[in-house]
Amino acid sequence: SVKCTSNTCCTLAPLLRKIAAQKQQIEKSVQALKHQQAEFAAITQSMNEGLLVVDAAGKVLTINQSAQRILGIAASPDTPLPLLELSRNLVLEEAVKAATAGRRTEHVLALNGRQYRLLASPSGPAESVQGAVLLLMDDTENLQAEQTRREFSANVSHELKTPLTSISGYAEIIRDGLVQPQDIPAFAGKIYDESARLMALVNDIIKLSRLDERQAPAAREPVDLFHMAGQTAAALQTQADDKSIALAVTGAETTIPGVPAILSEVLFNLVDNAIRYTQPGGQVQVAVGREGPQAFIRVADTGIGIPPEHQPHIFERFYRVDKSHARESGGTGLGLSIVKRGALFHGGRVEASSQPGHGSTFTVWLPAGTDA
Ligand code: ADP
């Protein structure tokens, strides 16, 4: 055997042992990091939110599947590409610029008909920003609801002003003695009508706001829709008689778990519309029943109908097919929005079909529940 004559070997041995131990330690750490990375990838890949990490130069370091889908870009290759080369979205560009400059910003990104909230934060300490983290959340429903509320408030003010302007106008000319005494009852009648309109409007607005805020009592109780339809028809019988409209209710007892006040509004608005938009001598039929797990209320009329181009909009707030006719018909423009919200409140939906000149049919579908 060869005898070691050198001393070096003996001095090196502990060092080599130490290196070997360190190597093992490093391997362990690498293993742990790999594990963590896999965990991170598993979490981020399954996220619904889009997650993007870019470096200080704006190159994509990490992009999860959701972010790729939302932004419509492919997974980053091994060589990281600048995000702004992959997507030429101006909002995204602004967000990356701000974040890499150390500022935290929030944006709304509209893509493919959806709206996303984009949160962009700098990564690393403020004095030496290493890049940015971008989070994309689909917030379409919330943002749309916000938009609807804003538009609604603006429209409400406008709608309230119209009758108020008439009321104060008539009152003013009476006060100033500009109306002949014999004409005063007629003017008072106009004031009365406009006040009624205002009252109807305010009532509908309150109902809708309650439905929006879900302040309506949440406790459900058994409601027989057939019985309720009979009551609604009775309440509107005079209106039907005035126009010689034949109003009929068919069906059988159909009990569902519901909120009576809301369901009664749904029925009232549908039958009220059917009578209002049907010429004298026409027919309005209310049918109540059940189809499998669903109860239905169907209100069919032989009225003026709704032109196809208007049909997609009739459930919007304050939408009216014929704006000039709407005033004399006395509607608030909110009836069908109340019907729609009322159906949604109960987990149901409403359908409309119509043939201009022949009539319209509105069907509300409501979950019939188990106890019914
Ligand atoms: P309104 O108070 O004006 O009736 P609604 O929200 O109830 O408001 O209805 C919106 C619009 O839809 C109405 O202005 C009318 O043009 C149309 N509409 C609703 N129901 C009927 C119906 N049964 N027949 C024809 N048109 C209808």
Under-5 Å amide H pairs with Leu81, H placed in peptide plane, nonlocal only: Val60
CD proxy at 222 nm, helix term only [per DSSP H run n ≥ 4: -39500 (n - 2.57); per residue of the chain; nearest 500]: -16500 deg cm²/dmol
Ranked by how many other beta carbons lie within 10 Å on average, peptides 228-234, 169-175 from highest: 228-234, 169-175
Proximal aspartates and glutamates to Lys18, defined as alpha-carbon separation beneath 15 angstrom and excluding residues fewer than eight positions away on the same chain: Glu27
Relative contact order (%) - the chain, alpha-carbon pairs under 8 angstrom, separation at least six: 10 percent
Mean Cα-pair separation over length for region 253-305, i.e. relative contact order, pairs under 8 Å, 6 or more apart, %: 37 percent
Mean Cβ count within 10 Å, highest first, over the residues of peptides 308-320, 283-295: 283-295, 308-320
Options Gln355, Leu201, Thr148, ranked by Cα towards positive dipole end of the chain, top entry (Cβ charges): Thr148
Long-range HN-HN contacts of Gln115 with modeled amide H, under 5 Å: Asp139, Thr140
Pairs beyond 23 Å (Cα-Cα), from Lys28/Lys59; Lys161/Lys207; Lys207/Lys340; Lys161/Lys323; Lys23/Lys59; Lys207/Lys243: Lys28/Lys59; Lys23/Lys59; Lys207/Lys243
Proxy reagent accessibility, fewest Cβ within 10 Å first, across Ser209, Ser46, Ser360: Ser46, Ser209, Ser360
Residue-by-residue Karplus 3J(HN,Hα) for region 336-343, coefficients 6.51, -1.76, 1.60, Hz, glycine and proline x: 6, 5, 5, 4, 5, 4, x, 5
Centre separation in Å (Cα based) which lies between region 215-264 and region 154-207: 31 Å
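Would you list Phe226, Phe362, Phe187 from fewest to most Cβ contacts within 10 Å?
Result, fewest neighbours first: Phe187, Phe226, Phe362.
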Ratio Rg/Rh [Cα only; Rh per Kirkwood] for region 233-357: 0.94
Peptides 263-273, 297-307, 349-359, 141-151 ordered by average Cβ neighbours within 10 Å, highest first: 263-273, 297-307, 349-359, 141-151
Whole-percent pair-distance distribution, where bins are 20 Å wide, for the alpha carbons of the chain: 20, 33, 27, 12, 5, 3, 0
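Here, each number is a calculation from the coordinates, and none is a lab measurement. In this text, all values refer to a predicted model and were calculated from it rather than measured experimentally. Counting neighbours? That spans all protein chains shown, and the Cβs are built from the backbone with ideal geometry, glycine included.
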